[in-house]
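Below is one structure, written out as structure tokens; the observations come after it.
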Amino acid sequence: MKILIIEDDKQTAKTIKDEMKDYYAVDLAYTGEDGEYQAQVNNYDAIILDLMLPDIDGISICKKIREFGIKTPILALTGRTKVRDKVSALDSGIDDYLTKPFSFAELLARVRALMRRSPEVFSSNLLSVGNLSLDVISKTVKRKRVKIFLRRKEFDLLEFLMRNQRRVMTRFMILEHVWDSSVDPVTNTIDVHIKTLRDRIDKPFAKKLIKTVHGFGYKIEA
């Protein structure tokens, strides 16, 4: 899962990213213009948007993103607490509203809730493909009741494949959703992680779940 944070206060943006990086791939934008551009050229599962930006206000950014046809859930952050400000934000296309100061536990919970509402994301926290299961909340993976240890990015990659089971995921799609934008797209990062996943969830078992679709990418299916 990949999130965009649009926040002009670099320390605040970095703090939010540090709190969320254990759960999501996170991109940062420090201006409204950059945030609007990133939202249009990249695929995100959620956007966290500060409404008080120096160049373009958050509501204008939201309206432009929606006019571009992007349905990504947007969570607004602001110090404004008046009802009319909240109404204006929600009417602009923003999906949820969190006032500053806030707790990171609530921020994470609201992001999870937005993702469950999104038509682009399956709502279940327990995924399964054949006898392979993945629990998004407890971060556990099992196959035939055997617990399998995965590192963070291996888990994220498997979750992405399982949420899109039977669909071919290209390398570009995987990079877009599992890694942040700092990763060089010409590296063999994806191939290395796919090999590790196969070693851990396929190699010990007779039936192989992860499949290579030559010339296109990868998919998982029972």
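Could you count how many residues in region 86-111 are closer than 22 Å to Thr12 by Cα and either in contact (Cβ under 8 Å) with a residue 12 or more places away in the chain or in contact with a strand residue (DSSP E or B) (Cβ under 9 Å, 6 or more places away or on another chain) (or both)? Going through region 86-111 one residue at a time, the tally reaches 16. Kindly check whether there is at least one residue in region 58-79 that is loosely packed, with under 15 Cβ neighbours inside 10 Å, part of a helix (DSSP H, G or I) and among the hydrophobic types (A, V, I, L, M, F, W, C). No: zero hits. If I filter region 150-157 for residues that are assigned to a loop (DSSP other than H, G, I, E, B), modelled with pLDDT of 85 or more and loosely packed, with under 13 Cβ neighbours inside 10 Å, do I get at least one hit? Yes, that holds for at least one residue. Counting the residues of region 172-184 that are of a type outside the set (Asp, Glu) and buried (at least 17 other Cβ atoms within 10 Å of the Cβ) gives 5. Modelled with pLDDT of 90 or more and either within 21 Å of Tyr44 (Cα to Cα) or exposed (fewer than 11 other Cβ atoms within 10 Å of the Cβ) (or both), is that true of Ile94? When the stated conditions are applied, Ile94 passes them. One residue stands out in region 197-222 among those that are part of a loop (DSSP other than H, G, I, E, B) and of a type in the set (Phe, Trp, Tyr): the one that is surrounded by the most Cβ atoms within 10 Å (Cβ to Cβ), namely Phe205.
Candidates are the residues of region 42-57 that are in contact with a Gly (Cβ under 7 Å, 6 or more places away or on another chain) and part of a strand (DSSP E or B); the one that is surrounded by the fewest Cβ atoms within 10 Å (Cβ to Cβ) is Asp50.
The values are calculated or read from the model by the stated rules, or taken from the named source; none is laboratory data. Small disclaimer: the values here were computed from a predicted structure and weren't measured. Ideal geometry is used to build each Cβ from the backbone, glycine not excepted, and the neighbour counts take in all protein chains shown.
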